[in-house]
1. May I ask for the distance between the Cα centers of the range 78-152 and the range 32-61, given as a whole number of Å?
2. Arranged by the count of other C-beta atoms within 10 angstrom, fewest first, what order do Trp97, Trp85 take?
3. Per Stokes-Einstein, at 25 °C and 0.890 mPa s, what whole-number D in µm² s⁻¹ belongs to the range 34-144, with the Kirkwood radius over Cα pairs as the hydrodynamic radius?
4. Identify all aspartates and glutamates with a Cα-Cα distance to Lys64 below 18 Å; exclude those on the same chain that are fewer than 8 residues away in sequence.
5. For Asp88 and Tyr121, calculate 0.36 nm times their separation in residues minus their Cα-Cα distance, and state this gained length in nm to one decimal.
6. Go through 107-114, 52-59 and give me the packing order, highest mean Cβ count within 10 Å leading.
Amino acid sequence: MSVIKNAFFLILGLVIIFGSIFLFVEKRLDLGNNAKIVKINDTSIKVEIADTVESRAQGLSERKILRDGTGMLFIFDSSGQYGFWMKDMNFSIDIVWISESFEVIGIEHEVTPETFPTIFYPPGPVRYVLELPAGFSRNRGIDIEQFISYQQ
């Protein structure tokens, strides 16, 4: 009986340890250390900022999940026709194209990892690109000609 009791507590301890590690890593994957708030209409979105060549190249690749109400905001040094693809992605996303004046000029809805190597381009020059969980923009009424606000 003592051996069974010791094994039970050992397994329970391991479950608690690995569960804690999983929750820590999962939280870090969602927001990173560079979180800001973007608002579109009445919707607030916690975003991780990708504003360096390295962070923009990495994007959400190899992440496991993107929680509802979170996203990644890509900030470029100047407006341009920046292409996005789904290389090493594990989930579908919405891609929101945003002009230098913070206006939504286009949205790619529910882009799946299976679209790789297709490259998606905005309908015009953009300075910002917002990646959201698939379906988020439709569910929250985010559409073209709306404006975002961003706390820099």
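Please treat every number below as a calculation from the coordinates, not as lab data. Remember, it's a predicted structure, so these values are computed and weren't measured experimentally. Here Cβ is always computed from backbone atoms with ideal geometry, including for glycine, and neighbour counts include all displayed protein chains.
1. 12 Å
2. Ordered from fewest to most neighbouring Cβ atoms within 10 Å, Trp97, Trp85 come out as Trp85, Trp97.
3. For these conditions, the coefficient is 178 µm²/s.
4. Glu26, Asp30, Glu48, Asp88, Asp94, Glu110, Glu114, Glu131
5. Length gained between Asp88 and Tyr121: 10.0 nm.
6. For the peptides 107-114, 52-59, the packing ranking is 107-114, 52-59.
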